[in-house]
1. Restricting attention to the stretch 51-73, and to residues there that are open to solvent by 40 Å² or more (accessible area, probe 1.4 Å) and within 13 Å of the ligand (Cβ to nearest atom), which single residue is nearest to residue 244 (Cα to Cα)?
2. Can you tell me which residue in the stretch 19-50 is nearest to the ligand (Cβ to nearest atom), limited to those that are open to solvent by 50 Å² or more (accessible area, probe 1.4 Å) and over 19 Å from residue 234 (Cα atoms)?
3. All but one of (1) in a helix (DSSP H, G or I); (2) closer than 30 Å to residue 112 by Cβ hold for residue 320; which doesn't?
4. Does at least one position in the stretch 11-22 carry a residue that is at pLDDT 95 or above and in contact with a helix residue (DSSP H, G or I) (Cβ under 7 Å, 6 or more places away or on another chain)?
5. Of the residues 264, 233, only one is buried (at least 21 other Cβ atoms within 10 Å of the Cβ) and in a helix (DSSP H, G or I); which?
6. When you look at residue 253, is it away from the ligand (no atom under 16 Å from the Cβ), aliphatic (A, V, I, L, M), touching a Ser or Thr at 6+ places or on another chain (Cβ under 9 Å) and open to solvent by less than 10 Å² (accessible area, probe 1.4 Å), yes or no?
7. Within the stretch 129-164, track down each residue that is open to solvent by 10 Å² or more (accessible area, probe 1.4 Å), touching a residue at least 24 places away in the same chain (Cβ under 8 Å) and under 16 Å from residue 102 (Cα atoms).
Amino acid sequence: MNNNQSSGSAPAQPVMSVQAACRFCNAALTHTFVDLGMSPLCQTHITREQLNHMEPFYPLHAYVCHNCFLVQLDEYVAPGDIFSEYAYFSSYSDSWVEHARRYADMMAERFRLGPSSHVMEIASNDGYLLQHFVRRGIPVLGIEPAANVAKVAVEKGIPTTVRFFGQETARQIAAEHGKADVLLGNNVLAHVPKLNDFVAGMKLLLKPEGVITMEFPHLYRLMERNQFDTIYHEHFSYFSFLTVEKVFAAHGLTLFDVEELETHGGSIRICGRHAENGRLPVLPSVDDLRQREIREGFTQLETYFSFTEKVKETKRGLLDFLIKAKRAGKTVVGYGAPGKGNTLLNYCGIRQDFVDYTVDRSPYKQGKFTPGTHIPIHAPEKIRETRPDYILILPWNLKDEIAQQVEYAREWGCQFVIPIPEVTVF
Ligand SMILES: [Zn+2]
């Protein structure tokens, strides 16, 4: 018998939401930075067969910690599900490979690296960076969680171990390979769910006089340039310099230099060392950036709260452009199928009703469809065949490189569009 309905007096309890805690300082997360609704994982490009299947969507809700100001997403998905078959091959971007070469040259000279040094990279991808050290005769070790990407590196002659990084991995690597003179990680810190375990692992793997360098997108630029599409599930944390400095200090690491870069729409490169190592003095760049962030309000919650309205206005602006273009009978296609494109397309609700298809140089993505929005992904040659009126460049951080690659489309009057910080047609 069903007695439940007769009790009457007890209304259904709402599902209790799990109270998330800051992944650095453990304070309760109660303040929204921006809520982008529900979105699929950005690298789960789907096959034609999968078009008829269900697709998982997860909240894309970023919080700001009132205590340490770390902007972050909850860990909705286990990293093993995200990174074990990661489709991002760094070598498919020319400007990125060139950036890596310049960095390797600079490091080799600044820290006098040679055949007796050991350079280790966390999340070494397909070896696009370490290859430049190898060419200089400097021993390297890549540490990469995605087996398919690591395999490409190994085939290029770059020793790579397939592992997620943390304290346990650091101890194993130190035992098997020794510690690092240079321990670097570019575009990995943001992707780390267990932030404290990761940074503690770096402390363990660094030689007493070794140097850590890391690059990651700067929250300051994300907010200033309205880059909300760089928020996606794989990207757990968004750092100001003030916050990242606190994280490293909590693990006995001192940041002694910081540099602002234009990569990924505005990144910082931090240089760290053991707090005990006084040989490398803290440079003025550290206090300069710290003071600038304080002046710009990065220690006040109100600064973070102002972001949401900017994001909504960007959506209105982009849809306004697309609606006008379609009503005028124009064709619009995309260029690229990057993670940020997925956030943008899903948040704005852009499907084939606005964008006929997109193209990508990575053969891994060609023939598939964008997650959630199901826009077909073709090889770049498709543009020449179909002669669209507009090309919406989704990886806007590579807009100059891409505009050059499709310069031929000017022949038929095609114009290029970038969505961020506001819609710009050129
Ligand atoms: Zn916190």
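The values are calculated or read from the model by the stated rules, or taken from the named source; none is laboratory data. These numbers come from a predicted model, not from an experiment. Methodologically, a virtual Cβ is constructed for each residue, glycine included, from the backbone with ideal geometry; neighbour enumeration extends over all protein chains shown. Side chains included, ligands, DNA and RNA excluded: accessible areas come from the protein's heavy atoms. Shrake-Rupley method; radii C 1.70, N 1.55, O 1.52, S 1.80 Å.
1. Filtering the stretch 51-73 down to residues open to solvent by 40 Å² or more (accessible area, probe 1.4 Å) leaves 51-59, 63, 66-67.
Then drop every residue that is not within 13 Å of the ligand (Cβ to nearest atom), which leaves 63, 66-67.
Values: 63: 16, 66: 15, 67: 13 Å.
Here the answer is 67.
2. 26
3. Going through (1) in a helix (DSSP H, G or I); (2) closer than 30 Å to residue 112 by Cβ one by one, residue 320 breaks only (2).
4. No - not one qualifying residue is present in the stretch 11-22.
5. Numbers: 233 fails: in a helix (DSSP H, G or I).
None of the other options fit; the residue is 264.
6. Numbers: away from the ligand (no atom under 16 Å from the Cβ): yes; aliphatic (A, V, I, L, M): yes; touching a Ser or Thr at 6+ places or on another chain (Cβ under 9 Å): no; open to solvent by less than 10 Å² (accessible area, probe 1.4 Å): yes.
Considered against the rule, which asks whether it is away from the ligand (no atom under 16 Å from the Cβ), aliphatic (A, V, I, L, M), touching a Ser or Thr at 6+ places or on another chain (Cβ under 9 Å) and open to solvent by less than 10 Å² (accessible area, probe 1.4 Å), residue 253 comes out as no.
7. Residues satisfying the conditions are 131, 132, 134, 136.
Residues checked against (1) open to solvent by less than 70 Å² (accessible area, probe 1.4 Å); (2) of a type in the set (Lys, Arg); (3) without any contact (Cβ under 8 Å) to a residue 60 or more places away in the chain; (4) not in a helix (DSSP H, G or I):
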site: 282; (1), (2), (3), (4): no, no, yes, yes
site: 287; (1), (2), (3), (4): yes, no, yes, no
site: 299; (1), (2), (3), (4): yes, no, no, yes
site: 311; (1), (2), (3), (4): yes, no, no, no
site: 325; (1), (2), (3), (4): yes, no, no, no
site: 329; (1), (2), (3), (4): yes, no, yes, yes
site: 347; (1), (2), (3), (4): yes, no, no, no
